[in-house]
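Each remark here refers to the structure printed beneath this line.
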Amino acid sequence: MKNAFIQPLNFYHMNQLLKPVLILLLFLNTMRLWAQDCQNDTIKPVCLPPANVTVNCQIFDPTLAAYGNALVSDNCCLDSTRQYLNQRGLTHLANYSDFDLNCNKGTILRVFKAYDCKGNISVCIQKVEVQYLQDYYVRFPNDMIITEFNGSGFYGTPEIFGKGCELIGTSYADEVFTNLPNGDIRLERTWAIINWCTYNPNQLVTVVPNPQPQVFEFNTQNLPGPVVSADGTLGIWAPTITKVHPYDQSPTNYASFYNSQANGYQYKQFI
C-alpha cells in the first residue's frame, strides 16, 4: 500500500514552488544590470517646470511658492545634497532682471535645475508675469478756519484708501495771501498726489476742485475735503456729491474725477 503522505510532484506544483525563486533571480539580475548602468550613467534627469503663470500685483506671492514646483525624476538616482521645496535633486534661482521689485510688476523667470547622483544636469524654466494694477481712492484734507497759524504748519494731509501695489507720493506747495478785503490771511496749500510706479511727468494730472457750495466763505459746509472714489462706492469712502460753486444748478459727483489709471491728482486746500 502506497504511503498516503507521499505524492509525486507534478509540473504544476513544481512551477508554483519555483516561481518565487525565479522572480527573485530576475530581480537580482535587474538590480545588477541597473547598478552597472548607473556606474556609467550619462542620461540627464527629467525636469518638468510648472505651467507659466500670469497674476496681478495685488495677489502676487513674493516667495513664488504659490506658483508650483518642478517635477524631477531620473533613471538611477537624484542628488540628495540638493533640495528645493522638499524636492530632492532640485535647485531654484529666480531671475528678476525684467521685474520691478519696488512696484511688483514685470516678468520673473524661475530657473530650475535637476541634478542626478552622477552629476548630470537638466534645466527647465517657468515664466511668472505680474501685471500692474492701480486702484486707489483719495480723501482730501478739510479746509480750516483758525485764529493764527501754528508753528508746525500741519493742517491735515490726504488719506489714501485701497493702497496695494501703489507707491504713493504726496507733496504740497504753499501760497500766502495777506491783502484780503476783510483783513484776513489766507493760506492756499496745493497738494500733489502721484503713484511713482505709474507717474509720467509729461502727462497731466487730474485737478480736483475745492467744493465751495455756500456763498458765505466761512460757512461750515464749505470746509469738508472731498472724497474721490469710484461711482457706487458705499460707506465712508463713497464719492462726495456736492456743488462746486454756490451758483451751480446741480451738485457734482466727485466720482467724475476718479480714474483708476490717473496720472495723479492735484487739490487746493484753503486755510
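The values are calculated or read from the model by the stated rules, or taken from the named source; none is laboratory data. Bear in mind the structure is a predicted one, so any value in this text is a computation, not a measurement. Here Cβ is always computed from backbone atoms with ideal geometry, including for glycine, and neighbour counts include all displayed protein chains. Please note that ligands, DNA and RNA were not included when accessible areas were found on the heavy atoms of the full protein model with its side chains. Shrake-Rupley method; radii C 1.70, N 1.55, O 1.52, S 1.80 Å.
Return the residue satisfying two criteria in turn: it lies in region 241-250 and is open to solvent by 30 Å² or more (accessible area, probe 1.4 Å) and either assigned to a loop (DSSP other than H, G, I, E, B) or among the basic types (Lys, Arg) (or both), and of such residues it is farthest from Gly225 (Cα to Cα).
Looking at residues that are open to solvent by 30 Å² or more (accessible area, probe 1.4 Å) and either assigned to a loop (DSSP other than H, G, I, E, B) or among the basic types (Lys, Arg) (or both), I get Gln249.
Can you pull out the residues in region 125-148 that are in a loop (DSSP other than H, G, I, E, B), aliphatic (A, V, I, L, M) and within 21 Å of Cys197 (Cβ to Cβ)?
Leu133 - this is the single residue of region 125-148 that is in a loop (DSSP other than H, G, I, E, B), aliphatic (A, V, I, L, M) and within 21 Å of Cys197 (Cβ to Cβ).
Take the residues of region 207-217 that are open to solvent by 80 Å² or more (accessible area, probe 1.4 Å) and part of a loop (DSSP other than H, G, I, E, B): which is farthest from Ile241 (Cα to Cα)?
Within region 207-217, the match that is farthest from Ile241 (Cα to Cα) is Phe216.
Out of Gly264, Gly169, Gly225, which single residue is open to solvent by less than 80 Å² (accessible area, probe 1.4 Å) and without any contact (Cβ under 8 Å) to a residue 60 or more places away in the chain?
When all the criteria are applied, what remains is Gly169.
Kindly list, by first and then second residue, each pair from a residue in region 202-215 that is closer than 12 Å to Tyr258 by Cα to a residue that is open to solvent by 40 Å² or more (accessible area, probe 1.4 Å) and part of a loop (DSSP other than H, G, I, E, B), limited to pairs with Cβ atoms under 8 Å and residues at least 6 apart or on different chains.
From residues that are closer than 12 Å to Tyr258 by Cα, the pairs are Thr206/Asn259.
Mind listing whichever residues of region 123-143 are over 25 Å from the mean Cα position of the chain (by Cα) and among the β-branched types (Val, Ile, Thr)?
Step one: filter region 123-143 for residues over 25 Å from the mean Cα position of the chain (by Cα), giving 123, 140-143.
Correct list: Val123 only.
Run Leu204 past the list (1) out of contact with any Asp or Glu (no Cβ under 7 Å at 6 or more places or on another chain); (2) under 30 Å from Leu101 (Cα atoms); (3) open to solvent by less than 80 Å² (accessible area, probe 1.4 Å) and report the number of the one that doesn't hold.
So Leu204 meets the others, but not (3).
Which condition number in (1) in contact with a helix residue (DSSP H, G or I) (Cβ under 9 Å, 6 or more places away or on another chain); (2) under 23 Å from Ser260 (Cβ atoms); (3) surrounded by fewer than 17 Cβ atoms within 10 Å (Cβ to Cβ) is the one that Asp100 fails?
(1)
Tally the residues that are open to solvent by 10 Å² or more (accessible area, probe 1.4 Å), touching an Asp or Glu at 6+ places or on another chain (Cβ under 7 Å) and in a strand (DSSP E or B), restricting the search to region 111-124.
Within region 111-124, residues that are open to solvent by 10 Å² or more (accessible area, probe 1.4 Å), touching an Asp or Glu at 6+ places or on another chain (Cβ under 7 Å) and in a strand (DSSP E or B) number 1.
Looking at region 143-162 only, could you name the residues that are touching a Pro at 6+ places or on another chain (Cβ under 7 Å) and open to solvent by 80 Å² or more (accessible area, probe 1.4 Å)?
Answer for region 143-162, where residues must be touching a Pro at 6+ places or on another chain (Cβ under 7 Å) and open to solvent by 80 Å² or more (accessible area, probe 1.4 Å): there is none.
Find the residue count for region 61-82, including only residues that are open to solvent by 40 Å² or more (accessible area, probe 1.4 Å) and β-branched (Val, Ile, Thr).
2
Would you call Arg139 open to solvent by less than 30 Å² (accessible area, probe 1.4 Å), in contact (Cβ under 8 Å) with a residue 40 or more places away in the chain and of a type in the set (Lys, Arg)? Please lay out each step first, then the result.
Working: open to solvent by less than 30 Å² (accessible area, probe 1.4 Å): no; in contact (Cβ under 8 Å) with a residue 40 or more places away in the chain: yes; of a type in the set (Lys, Arg): yes.
No.
For residues that are outside any strand (DSSP E or B) and open to solvent by less than 70 Å² (accessible area, probe 1.4 Å), scanning just region 251-261, find the one that is nearest to Pro213 (Cα to Cα).
Restricting to residues being outside any strand (DSSP E or B) and open to solvent by less than 70 Å² (accessible area, probe 1.4 Å), the top hit is Tyr254.
Out of region 149-169, which residues are of a type in the set (Val, Ile, Thr) and part of a loop (DSSP other than H, G, I, E, B)?
Listed by number, the list holds a single entry, Thr157.
As an exercise: evaluate Asn86 against (1) out of contact with any Phe, Trp or Tyr (no Cβ under 9 Å at 6 or more places or on another chain); (2) farther than 26 Å from Ile168 by Cβ; (3) open to solvent by less than 80 Å² (accessible area, probe 1.4 Å) and give the number of the one condition it does not meet.
For Asn86, the exception is condition (3).
Would you be able to tell me the number of residues in region 224-237 that are under 26 Å from the mean Cα position of the chain (by Cα) and either among the charged types (D, E, K, R) or in a loop (DSSP other than H, G, I, E, B) (or both)?
Total meeting the criteria: 6.
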